[in-house]
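Okay, structure first, notes after.
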Ligand code: AOF
Ligand code: ZN
C-alpha cells in the first residue's frame, strides 16, 4: 500500500479533477503488477496493474489506495475488471466519496465473493486526495492559500516592493504547487502591481492551471503579461455592473469574463461556485492581502501554506498577509488546526487548516 501511495503521489497535478490512485498486485508475496492513474480519461490504476499482472492476477491480492470504482465513467468500472481477473483479496485504503461510487465498488466486490479489507493507511490516502474529496461532493473548488511573509507579517515593503520575500527554494516550491492546482487566483491589485505571468514554469507535460484574476472594476490592463502568454486560460471574475466595453476588450484579448453577483465587489462565494461549474476543482490563492483576508473571512480557504522569511521590513502601511477589517476580541480570531512546520531553504513553511466553527 505504501508503494501504491507513492506511485499515486507522483502523478499529483496530472489527473485534472480525478483523484490520484495507485495499485499494487501481489501474488505469493511477490509483486506481479503495479499501476497508477496518470490522466483523466485514461486507464485507472487497477487497469494498468492488472494488465501487467496478466494471468498471475488469479488468486492474488490487489492493494488499491482508493475504493475501486463501480460506475461507467470515461472508463469501465474497475470492480468488474478485478472480478474478471479473479483476484482473491482487495485491500483498500479509503472509500471513494464520489456519490456515483461511495461504497458500491466494495459492495460489488464482496458480492462476487472477493475478500475486501478497508482502512489500511487510510489517513494518508484521504490527505493525498483532499482536493478531490471536497470537489467531488460539493462541486466547490478546494482552495489552498499560499503566501510568503516577513517575521512582522508583511507581504511587501511600504513602497510595494515585494521581490522577493522568500528565498529561491520556497519560490521553487510555489511552482510545484501551481502545477498541482487547476487554477491560480490573485486580486486585481497584485495583477497590476506585479504584472505576473502565473505560469508553472515547469517543463512537465501536464494540465496548465487557469489563471484567475478577481477584478470588480476590470482594471486589468490589456497589455498585461497574463493576457500575452497564451499557455493557459485566463479567467477574470467581475460583477454584473462592470463596464461592458472593458469586458468586451478583455474578451477580445482572450480572457473569459465571469460576472459574480450584482454588488460593488465580486461575490467570492458565487465565484467559487461558478469556477466549480467550469470543472476547476482546486485553486491556489496567491493574494494579495485584501483578497486573502476576504476569502478567509468568508470561510472560503480550505488550507493554508505560509512561508515565513527570517526578516523584518516594518512600515505601518505595508500590507499584511490577511488584510481585512478584523475582530474586536482575540476570542473571535479564526483559528487553524493540524499546523505543521518545516524548513525550506532559509524560510519556514507553516501549513494547516482553518477551522471556521
Ligand atoms: C478507481 N481507480 O485509478 C481512479 C478512480 O471519468 P473516469 O472514468 O476516469 O472516472 C472518474 C471517477 O472514478 C473519479 O471521480 C473517482 O470516483 C474514480 N477514480 N477510481 O477505481 C482509479 N482514478
Ligand atoms: Zn476505476
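Specify the residue with the greatest mean-square fluctuation among 212, 313, 280, computed from a Gaussian network of the chain linking alpha-carbon atoms under 10 Å apart.
Highest fluctuation of the listed residues: 313.
So how far, in whole Å, is the C-alpha centre of the stretch 74-98 from the one of the stretch 263-338?
39
Gaussian network model of the chain, Cα springs within a sub-10 Å range: biggest mean-square fluctuation belongs to which of 110, 30, 230?
Most flexible of the set in this elastic network: 30.
At q = 0.20 Å⁻¹, what base-10 log of I(q)/I(0) does the Debye formula yield for the stretch 40-101 when every alpha carbon is treated as an equal point scatterer in vacuo?
-0.74
Working out 0.36 nm times the residue gap between residue 172 and residue 357, then minus their Cα-Cα distance, what length gain in nm do you get to one decimal?
63.2 nm
Working out 0.36 nm times the residue gap between residue 163 and residue 195, then minus their Cα-Cα distance, what length gain in nm do you get to one decimal?
10.3 nm
Relative to the first principal axis of the alpha-carbon coordinates of the chain, what is the inclination of helix 268-277, with its axis defined by its Cα atoms, in degrees from 0 to 90 and to the nearest 10?
Computed tilt is about 40 degrees.
Kirkwood Rh, Cα Rg: Rg to Rh for the stretch 1-130?
Rg/Rh for the stretch 1-130 comes to 0.92.
Based on DSSP H runs of at least 4 residues, each adding -39500 (n - 2.57), what is the mean residue ellipticity at 222 nm of the chain after dividing by all its residues, to the nearest 500 deg cm²/dmol?
-7500 deg cm²/dmol
For the stretch 141-355, state the average projected area of the convex hull of the C-alpha atoms over all orientations, rounded to one decimal in nm².
For the stretch 141-355, averaging the hull's shadow over all directions gives 12.2 nm².
Sort 55-64, 260-269 for me by packing, meaning the mean count of neighbouring Cβ atoms within 10 Å per residue, highest on top.
Per-residue mean Cβ counts within 10 Å order the peptides as 55-64, 260-269.
Round to the nearest 10 and give me the degree value, 0 to 90, for the angle of helix 168-179's Cα axis relative to the longest principal axis of the chain.
Rounded to the nearest ten degrees, it is 60.
Could you give the length gained by full extension between residue 2 and residue 339, i.e. 0.36 nm per residue of separation minus their alpha carbon distance, to one decimal place?
118.9 nm
Over all alpha-carbon pairs of the stretch 186-276, lay out the pair-distance distribution in 5 Å bins, whole %, shortest bin first.
The calculated distribution, bin by bin, is 3, 14, 26, 24, 19, 9, 3, 1, 0.
Readers should treat all values here as calculations from the given coordinates under stated rules, not as data from a laboratory. Predicted model only: the values in this text are computed from it and were never measured. As a convention, Cβ positions derive from the backbone with ideal geometry for all residues, glycine included, and neighbour counts pool all protein chains shown.
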